[in-house]
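To start, the structure itself, in structure tokens.
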Amino acid sequence: MAATSMEAVVSLCKRRGFIFPGSEIYGGLQGTYDYGPLGVELKRNIKEAWWRANVYERDDMEGIDAAILMNPLVWRYSGHEETFVDPMVDCRQCRSRWRADQVKNGRCERCGSADLTEPRPFNMMFRTQVGPVTDAESFAYLRPETAQGIFVNFKNVVDSTGRRLPFGIAQIGKAFRNEITPRNFIFRVREFEQMEIEYFVKPGEDEAWHERWVEDRVHWWTTLGLKRENLKLYHVPQDELAHYSKATVDLMYNFPIGWEEIEGIANRTDFDLGSHSKNQEELGLTARVMPNEHSTTKLTILDLETNRQIVPYVIEPSAGVDRGVLALLCEAYDEETLPSGEQRTVLRLKPSMAPTKAAVVPLKRNAPEIVDTCKGIKRELQTPGEMRVVYEDTGNIGKAYRRHDEAGTPYCITVDFQTLEDNTVTIRDRDTMEQIRLPIDEVYAYIRKGVMETYSRA
């Protein structure tokens, strides 16, 4: 397997329709990307696998979808207005702007100058106007994380479901951060999606649950196809923890750019529910960001053992969808030299993650009987709605195979003149390039088995 470069992955994404630069026809907008026909399918596959594993297959989880715009007080009492900042420096020579913690050796990454301004704080939350009148009271923030939507709905979920500890609330949604220097393709962008869980536990049981969730999350990423040796744990030092965190473990992936975070699992204690609760002293909580005079709700739950209302601790596994997409693409990308000397690029995605599960290819595209048979097979395979199947009409069987190797399509089904005689087709495997002959009425079961087996291991 060839070493993967970020440039090769980016090129493949543009060429095969996974990811495009945002607003490209107008010169783009830094830190924004659009998902193309294959990219949106891969992204959906990751999100659906996450939702299935964490909501459908568990008995202790509920899902929500909170609004992107929230009352600005949410961000005041969560601490984001004061603490959600990055240090920023400017280069006086080329006038570029950088995060101070990303400047190496005190020099500008663009021009190499050491003539930099002193670091100054920069709040990364996007601010927007709400309503027709522009004044100091009519503003809101685009949420910088999805977690607060869960915390402010804690009581609603408990009251409507009757949940008892331990239990979790899961959410997938957009978040926005006004990054100073977006970089490394979709790894660091200004608009992204998070897959986030807030798992509520009794105080004193939080450390054991934290360890358990770390193990669970490592395992889940391997079920999507990431090799265990490409994952490692980083225990964030105390002096680097977020303002809400008692302990955080970052799950790191070995990207072509080096080891970088793909998911963080934090022990947020009772910080958030306490910050949004009224009468903090009555609940035995230390003062949060400021005395809470605006929340009218106690975000507590009944402890059945003591028959008292308590503020639970929370464990937060928070993963980036876009970083997950990038990790799977980097993991699956391969270049190889065939015995014939031909170079082949192949995306070895697990069939369950592949955007397209099968392509139906006519040996001759201007033969009506072959074309009609191809389209009939496609309809039959796609009718249950379980998987995406395409009709590939390139006119050249070799080019069709190479095209779908790059797209990660695990199976190509070829209809030829023998099909018209005995009702059999050729099925080609993407990874091995081996071909077998099967009757048409056995194709669906064969493809489904190959795809669904990888689901069952997820």
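Scanning region 66-103 for residues being aromatic (Phe, Trp, Tyr) and under 25 Å from the mean Cα position of the chain (by Cα) gives a total of 2.
If you filter region 216-238 down to residues that are among the charged types (D, E, K, R) and over 24 Å from PRO203 (Cβ atoms), you find that the one that is surrounded by the fewest Cβ atoms within 10 Å (Cβ to Cβ) is GLU229. Across region 378-387, the number of residues qualifying as part of a helix (DSSP H, G or I) and closer than 23 Å to ARG348 by Cα comes to 3. Quick check on region 67-77. Is at least one of its residues within 19 Å of PHE192 (Cβ to Cβ) and among the aromatic types (Phe, Trp, Tyr)? Looking through region 67-77, at least one residue is within 19 Å of PHE192 (Cβ to Cβ) and among the aromatic types (Phe, Trp, Tyr).
In region 394-406, the residues that are within 16 Å of LEU349 (Cβ to Cβ) reach residues that are at pLDDT 90 or above and assigned to a helix (DSSP H, G or I) with C-beta atoms within less than 7 angstrom, at least six apart or across chains, in these pairs: GLU406/LEU12; GLU406/ARG16.
Tell me, please, whether a residue that is free of Cβ contacts under 8 Å to residues at least 40 places away in the same chain, out of contact with any Cys (no Cβ under 9 Å at 6 or more places or on another chain) and of a type in the set (Asp, Glu) can be found in region 310-322. For region 310-322, residues free of Cβ contacts under 8 Å to residues at least 40 places away in the same chain, out of contact with any Cys (no Cβ under 9 Å at 6 or more places or on another chain) and of a type in the set (Asp, Glu): absent.
For region 100-142, the set of residues classified as touching a Leu at 6+ places or on another chain (Cβ under 9 Å) and β-branched (Val, Ile, Thr) consists of VAL103, THR128, VAL130, listed by residue number. Any idea which residue in region 312-335 is modelled with the highest pLDDT, counting only those that are touching a helix residue (DSSP H, G or I) at 6+ places or on another chain (Cβ under 9 Å), assigned to a strand (DSSP E or B) and farther than 21 Å from HIS210 by Cα? Among those residues, the one meeting the criterion is TYR333. Selection of region 339-363 for residues being assigned to a loop (DSSP other than H, G, I, E, B), more than 25 Å from the chain's Cα centre (by Cα) and touching a residue at least 12 places away in the same chain (Cβ under 8 Å) yields only LEU363.
So, ARG365, is that one surrounded by fewer than 21 Cβ atoms within 10 Å (Cβ to Cβ), under 25 Å from LEU328 (Cβ atoms) and out of contact with any strand residue (DSSP E or B) (no Cβ under 7 Å at 6 or more places or on another chain) or not? No; evaluated as a whole, the condition is false for this residue. THR83 fulfils the conditions (1) in contact with a helix residue (DSSP H, G or I) (Cβ under 9 Å, 6 or more places away or on another chain); (2) modelled with pLDDT under 80 except for a single criterion, (1). For region 13-39, the candidate set comprises residues that are closer than 22 Å to ALA400 by Cα and crowded, with 19+ Cβ neighbours inside 10 Å; within that set, the residue that is nearest to the chain's Cα centre (by Cα) is GLY39. Among the criteria (1) of a type in the set (Gly, Ala, Ser); (2) surrounded by fewer than 22 Cβ atoms within 10 Å (Cβ to Cβ); (3) closer than 24 Å to ILE68 by Cβ, the one GLY168 does not fulfil is (2).
Cβ-Cβ contacts under 9 Å between residues 6 or more apart (or on different chains), taken from a first residue in region 35-64 that is more than 20 Å from ILE150 (Cβ to Cβ) and modelled with pLDDT of 95 or more to a second residue that is of a type in the set (S, T, N, Q) and surrounded by fewer than 18 Cβ atoms within 10 Å (Cβ to Cβ), are listed as ALA49/THR223. One residue stands out in region 120-130 among those that are modelled with pLDDT of 85 or more and assigned to a loop (DSSP other than H, G, I, E, B): the one that is surrounded by the fewest Cβ atoms within 10 Å (Cβ to Cβ), namely VAL130. Listed by position, the strands (runs of 3 or more DSSP E) inside region 216-311 whose residues that are of a type in the set (S, T, N, Q) and modelled with pLDDT of 90 or more number at least 1 are 247-255, 258-269, 308-310.
The values are calculated or read from the model by the stated rules, or taken from the named source; none is laboratory data. These numbers come from a predicted model, not from an experiment. FYI the Cβ positions are ideal-geometry reconstructions off the backbone, even for glycines, and counts take in every protein chain you see.
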